[in-house]
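In what follows, a structure is listed as structure tokens, so that the remarks can point back to it.
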Amino acid sequence: MDLNLAGTGIWLAVGVFVAAVLGAVLVRRLLIHVVDRGDTDRGTGRLAGRFLSVLIIVFGLIYALGLLGVTIGPLVGALGVGGIALAFAVQDILQNFVAGWTRPASSSRSPSAPCGSVPAGPLSGSARLPPASSRSGPQHWSAERLDQIGQQV
């Protein structure tokens, strides 16, 4: 790794990085102003501006490091491996987070749905079917079993 640490090389790299940061700030503010001007969602411009500003800063940093003579290939490879490791680490967390948001919206039935009235000897009442996720298999209730339950109550 042959670093170019001559006076003009460092200042040129710093200038490129500062220009990238200033350009990123300008693009971000411009996008927020243009996109959030209408009746659209207010977060769209902020999200697009933040994404593009980070992208501009990363490209400016890579270019500045290239001007200094730093080899970028191993750095990009290490970031890729780190990203894969991070993705595997948070996979279950994100899966549960998404499932928690989508399950209630797609569920059309209540946690326990009414099945009707159930006579049990001298007692009678209404039965509710437990949610499908808590049922372990088919449950068959005979009249004798309901009478036993009625006598215990």
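Each reported figure results from applying straightforward, stated rules to the coordinates on display, with no laboratory input. Note that the structure is a prediction, hence the values are computed from the model and not measured. Every residue, glycine as well, gets a Cβ built from its backbone with ideal geometry; the counts of neighbours run over all protein chains shown.
Taking each residue as 0.36 nm, the span from LEU26 to VAL90 lengthens on full extension beyond its C-alpha to C-alpha distance by 19.7 nm. When each of SER53, SER124 is scored by the number of other beta-carbon atoms lying within 10 Å, the sequence from fewest to most is SER124, SER53.
If you take all other residues with their beta carbon under 15 Å from the beta carbon of VAL25, and give Lys and Arg +1 and Asp and Glu -1, the sum is +4. Between LEU75 and LEU55, the contour length at 0.36 nm per residue exceeds the alpha carbon distance by 5.6 nm.
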